[in-house]
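Worksheet for the structure shown next.
The values are calculated or read from the model by the stated rules, or taken from the named source; none is laboratory data. Keep in mind the model is a prediction, meaning the values are calculated, not measured. Every residue, glycine as well, gets a Cβ built from its backbone with ideal geometry; the counts of neighbours run over all protein chains shown.
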Amino acid sequence: MLKRTMTYTDYDGNERTEDFYFNLTKAEILEMNLSKNGGLEAYVRKIMASQDIPTLVSLFKDLILRSYGEKSLDGKRFIKNDELNESFMQTEAFSMLFMELATDANAASAFINGIVPKDVAEKAAELQRDNPDYSPKSIKA
């Protein structure tokens, strides 16, 4: 799970600092992977190779919204729904995060590594050590 503390100015001109949470479960990652021919990684590589910026930007938005949620008070659940997504998208915090991921490959890589389960991120790091071209870090937006 990734916790991002962001400071932004709301629409009344007030500066706000809030914590935002992002997480993808193994089941969600599997679903995303199986929804693309050849898997999600092949899909991303194809987008990068073709310099298809509109599709890449759409993918970043999708990753942000699929992973955004709120922890339950007891910590047992990570709540995600359309209402929470709509509310988050209407903040400057969403805009700031979206712009950061769309313009900074290192930030995008760190975000992706932060939203996946720790063991999935460790496996990706292991694959990166074995094959440096494997990682999204090697892809320039």
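The residues listed here are 59, 101, 97, 65; of these, the one that is surrounded by 18 or more Cβ atoms within 10 Å (Cβ to Cβ), under 30 Å from residue 13 (Cβ atoms) and modelled with pLDDT under 95 is 101. Kindly establish whether residue 107 is closer than 25 Å to residue 7 by Cβ, modelled with pLDDT under 90, out of contact with any strand residue (DSSP E or B) (no Cβ under 9 Å at 6 or more places or on another chain) and part of a helix (DSSP H, G or I). No; evaluated as a whole, the condition is false for this residue. Assess whether residue 124 counts as being modelled with pLDDT under 90, within 21 Å of residue 46 (Cα to Cα) and touching a Phe, Trp or Tyr at 6+ places or on another chain (Cβ under 9 Å). The answer is yes for residue 124. Within the stretch 78-92, residues that are touching a residue at least 60 places away in the same chain (Cβ under 8 Å) have Cβ atoms under 6 Å from residues that are surrounded by 15 or more Cβ atoms within 10 Å (Cβ to Cβ) and part of a helix (DSSP H, G or I) in these pairs: 88/94, counting only partners at least 6 apart in sequence or on another chain.
Within the stretch 27-55, which residues are among the aliphatic types (A, V, I, L, M) and closer than 16 Å to residue 108 by Cα?
Within the stretch 27-55, the subset among the aliphatic types (A, V, I, L, M) is 27, 29-30, 32, 34, 40, 42, 44, 47-49, 53.
Matches in the stretch 27-55: 40, 44, 47, 48, 53.
The residue pairs whose first member lies in the stretch 53-66 and is of a type outside the set (Phe, Trp, Tyr), whose second member is in a helix (DSSP H, G or I), and whose beta carbons are closer than 6 Å, counting only pairs six or more residues apart or on different chains, are 55/47; 56/47; 57/102; 65/85.
In the stretch 12-31, the residues that are over 13 Å from residue 66 (Cα atoms) reach residues that are among the basic types (Lys, Arg) with C-beta atoms within less than 8 angstrom, at least six apart or across chains, in these pairs: 19/3; 19/4; 20/3; 20/4.
Please specify each residue of the stretch 31-47 satisfying the condition of being buried (at least 16 other Cβ atoms within 10 Å of the Cβ) and farther than 23 Å from residue 2 by Cα. Scanning the stretch 31-47 gives 43, 45, 47.
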